[in-house]
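Student: So that we are looking at the same thing, I have put the structure below in structure tokens.
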Amino acid sequence: MSLRQSFTAFCSFVVVVGALASSVVSAEDSVAERIKPVGKTCMEGQPCAAAIVAVASGPRTGEQVYTAKCSLCHGAGVLNAPKLGDASAWGPRVAERKLEGLYEHAIKGFNSMPPKGTCTDCSDDEIKVAVKYMVDKAK
Ligand code: HEC
């Protein structure tokens with residue numbers, strides 16, 4: 001290889017390395033870009049929604065609390081928990097205790113229903129809207 005050829009080869013090497021380096025940088029940019037809008041791309045009901053709910057400020061909606069904290073038992077009927085949308089499981093409870101009675105049981109606990117459904121960082125109002133959400137779904 002002549003000196004000139006090796007110089008040319010060296011130059012193209014530098015160009016290739018430079019191009020690689022800048023593509024790495026832009027790959028990092030696009031990763032940052034993909035991570036950033038988690039709040040927009042994460043749909044409610046997905047596990048990641050619970051994490052967002054936890055950091056979001058302000059009271060959570062009944063659906064958010066239900067999805068994050070109550071669905072674990074009330075989704076599948078774990079320990080015979082009345083299932084979401086099951087009118088025959090919820091109807092008699094609503095008739096007997098009214099919303100106020102259900103709120104109280106949800107907040108203080110009732111048999112295998114743990115106090116606040118184990119949601120220690122839920123306010124009483126957040127528990128109430130979650131109960132209301134389940135009761136409304138069972139109508
Ligand atoms: C560890 C499982 C579990 C979790 C988590 C859970 N529950 Fe329950 N829940 C139960 C079970 C079991 C019952 C049925 C208790 C019974 O009737 O003996 C129940 C019953 C209830 C009732 C009916 C009480 C009544 O008086 O009939 C309400 C209301 C309720 N849960 C609300 C909630 C809310 C709101 C959440 C989430 C913040 C939640 N639960 C999370 C297990 C759970």
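The values are calculated or read from the model by the stated rules, or taken from the named source; none is laboratory data. All of these numbers come straight from a predicted model, not from anything done at the bench. Note: ideal-geometry Cβ built from the backbone for every residue, glycine included; neighbour counts use all protein chains shown. We work out accessible area using only protein heavy atoms, side chains counted, and drop any ligands, DNA or RNA first. Shrake-Rupley method; radii C 1.70, N 1.55, O 1.52, S 1.80 Å.
Student: Conditions: (1) under 20 Å from the mean Cα position of the chain (by Cα); (2) outside any helix (DSSP H, G or I). Glu126 meets all but one. Number of the miss?
Tutor: Among (1) under 20 Å from the mean Cα position of the chain (by Cα); (2) outside any helix (DSSP H, G or I), Glu126 violates only (2).
Student: Follow-up question, since we're still on this one. For a quick check of your reading: which helices (runs of 4 or more DSSP H) sit entirely within the stretch 39-97 and have at least 3 residues that are at pLDDT 95 or above?
Tutor: Those helices (runs of 4 or more DSSP H) span 62-65, 71-74.
Student: Being without any contact (Cβ under 8 Å) to a residue 12 or more places away in the chain and more than 19 Å from Ser112 (Cβ to Cβ) is the filter here; which residues of the stretch 89-99 pass it?
Tutor: Passing the criteria: Ala95, Lys98.
Student: Could you list all residues from the stretch 74-107 that are charged (D, E, K, R) and either surrounded by fewer than 13 Cβ atoms within 10 Å (Cβ to Cβ) or under 14 Å from Glu63 (Cβ atoms) (or both)?
Tutor: Answer for the stretch 74-107, where residues must be charged (D, E, K, R) and either surrounded by fewer than 13 Cβ atoms within 10 Å (Cβ to Cβ) or under 14 Å from Glu63 (Cβ atoms) (or both): Glu96, Lys98, Glu100.
Student: Right, here's the next one. Restricting to the stretch 108-139, and then to whatever is of a type in the set (Ser, Thr, Tyr) and within 6 Å of the ligand (Cβ to nearest atom), can you tell me which residue is least open to solvent (accessible area, probe 1.4 Å)?
Tutor: Ser112
Student: List pairs: first in the stretch 66-85 and in contact (Cβ under 8 Å) with a residue 24 or more places away in the chain and more than 8 Å from the ligand (Cβ to nearest atom), second open to solvent by 70 Å² or more (accessible area, probe 1.4 Å) and of a type outside the set (Gly, Ala, Ser), Cβ under 8 Å, 6+ apart or cross-chain?
Tutor: So the pair list comes out as Leu84/Lys137; Gly85/Lys137.
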